[in-house]
Structure formats: C-alpha cells, structure tokens
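Input: a single structure, listed below in structure tokens.
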Amino acid sequence: MTAPHVLRNGRGMRVAVSGHDAGLQSWWAPDRYGRMADVLAVSPHAAHRQAGWQCEDAADASLRLHLSREGLCVRLHYQLSDDGSLRIECEAVADGVFCIGLPAPSFNLQGRGAGVGDHVLRLAADRYRPGGAAQGGPHDVAGSAFDFRQPAPLGARLAWPALAGQEGFRHDFFLAGGGRLQEAARVADPASGRVLRYSSAQAGLQLRSDVGGICLAAQDLELQPGRAARATLLYRLGVQDIEAFDISEPISMALNK
C-alpha cells in the first residue's frame, strides 16, 4: 500500500493525502481550546475514482501529483497555508470527451465518530435540485428546507416534512455569483468552535450529508478533446465563537455539557 503524503502548517495542522487515489485521508485541526482532532469523516464518496497517481514534487506544505493513462492527463496541486486554508488546483486534458470528479472530502468538525446534526450551514445558493435528477429545472429555495442563505442546523432542517425519513441531504445547489473564486458555503460546529469555509468559482455544488459527515462536493470537471480544463477549490478551517455565527434556528447544545 502506498504511504500517504502528509502536509503540515505552522498551526500544527496535518493533512494526509492518499498516494493511491489522491483523496484526503485525514485532517487534524485544533478546536477553540487548541485540542486536535481528525475532522474528516469516514465516507463512501471517493475523492478520485482514478488510481495510479504519481508524485511530481512534495514539501512540508505542498504536494503536486499527476495521473496519465488512457488518453487522460491530470495534475493536482495541494497547498496548506498557515491560515488553515487548503488550496486544491486541478488541471486536466484528454483525447476525448471525459468527466472527472474533483476531491470531495466529507467533514465532521467535532471529530470522527460524532454526529453532525448540530453542524450549522450557510450556503450562498438560491436554487436547488434533488441530486441525480435527470429532468426538471431547479427550484427556488425560498421558504423551503433547502434555504441556507441564513445559517441553520442540519438536524433541524431534516425534521421538515420535505425531508422526513431521510438521513441526510443529497441535493444540487446553484450558487449566486459564479465565475470567480469566492466563499460559497460555511459550516460551524458549536461544540468545538471549528468553522469550515468552502470557496469555489463554480456555478454549483452538491450537498451530501449523513449522520456522521457533511460533504460540499464540487461539480465534475468536464473535458473536451484537446482542451485543458482547470478548477480551484479552497477549504479553510478555523475557530470562532458560536455567537458570531448568526443562527436562524435553534440547535441542541447537549454536546457542550
């Protein structure tokens, strides 16, 4: 088995990247009291379906990988900064029409093994569609369980009739103001104080969640013959007081006791 590449920054964060499929394996980050925990959830969603990645260059906080096979060439660059930002840059070119998935880590900001029902989400999206829906236009989020333009806990929204009986979300969201790298979503855990900020230049994302994790998945990169395609994603982990996060609905604070 190929050993993971471990990135480190000046705050003690450690991010392990798989040398097999280029996906994230762990991300150790401090809470509001400086206690470290792995905030990546065990998830069935692979960051990359492609295996056989090769390392081009590795340093303490930077990693460059490439994949070349079957008419497809992909390069990935991971950069971990001292401000808690993990920047992921992808460039790909193919001989024919191709579609590749970008890294899509699943997070549990309280630490692996806990629930994420109290995680508070803010999402800059005004339209949504059930994930995988082949037909039908997107729906307006206004007045629905899918309106996260004001922060709301995941668990509270899953109690709405539209999501009754479901363990989590698997829905596409359409972002306002795509085309430039900007914050698209923010997730906060009131128990630990950890906050995740997700930035993208894409026009949408897919929200996936279950009892133990939340994933903000980028859109697939669609390749046309001989034309290079590029994407940049930014995940930034930090801490803040929960009072600074304007929550629109009540949450359970049982985990703080």
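The values are calculated or read from the model by the stated rules, or taken from the named source; none is laboratory data. Note that the structure is a prediction, hence the values are computed from the model and not measured. Neighbour counts run over all protein chains shown; Cβ positions are idealised from the backbone, glycine included. Areas reflect the complete protein model, heavy atoms only, side chains present, ligands, DNA and RNA absent. Shrake-Rupley method; radii C 1.70, N 1.55, O 1.52, S 1.80 Å.
Treating the Cα atoms of the stretch 1-149 as identical point scatterers in vacuum, please give the log10 of the normalised Debye intensity I(q)/I(0) at q = 0.10, 0.18, 0.20 Å⁻¹, two decimals. Listed by q, the Debye log ratios stand at -0.46, -1.17, -1.25. Derived scalar couplings between HN and Hα for the stretch 60-70 equal 4, 10, 9, 8, 10, 10, 9, 9, 9, 6, 6 Hz in order, rounded to whole Hz, by the Karplus curve 6.51 cos²θ - 1.76 cosθ + 1.60 (θ = phi - 60°), x for Gly and Pro.
In order along the stretch 202-218, phi translates into HN-Hα couplings of 6, 8, x, 8, 10, 8, 10, 8, 9, 5, x, x, 10, 10, 9, 8, 6 Hz, rounded to whole numbers, per the Karplus curve 6.51 cos²θ - 1.76 cosθ + 1.60 with θ = phi - 60° and x for Gly and Pro. In this simple spin-label approximation, residue 11 and residue 55 carry label points 7 Å from Cα along the Cα→Cβ vector, and these lie 2.5 nm apart. Look at where the Cα atoms of the stretch 201-225 and of the stretch 134-187 average out, and the two centres are 13 Å apart. For the chain, what class follows from the C-alpha gyration tensor (a ≥ b ≥ c being the square roots of its eigenvalues): rounded when a/c is under 1.5, otherwise prolate if a/b is larger than b/c, else oblate? Oblate. Loop-resident chymotrypsin sites (Phe, Trp or Tyr not before Pro) (DSSP state other than H, G, I, E or B) in the stretch 104-190 with no more than 10 further Cβ atoms inside 10 Å of their Cβ are absent. Rolling a 1.4 Å probe over the protein heavy atoms leaves residue 199 with an accessible area of roughly 20 Å². Relative to the current alpha-carbon distance between residue 241 and residue 20, full extension at 0.36 nm per residue lengthens the span by 75.8 nm. Between residue 33 and residue 89, what's the calculated FRET efficiency when r is the beta-carbon distance and R0 is 35 Å? Round to 0.05. Calculated value: 0.60. Placing pseudo-labels 7 Å out from each Cα toward the beta carbon at residue 183 and residue 227 gives an inter-label distance of 3.3 nm. Between residue 66 and residue 159, full extension at 0.36 nm per residue minus the direct alpha carbon distance yields a gain of 29.1 nm.
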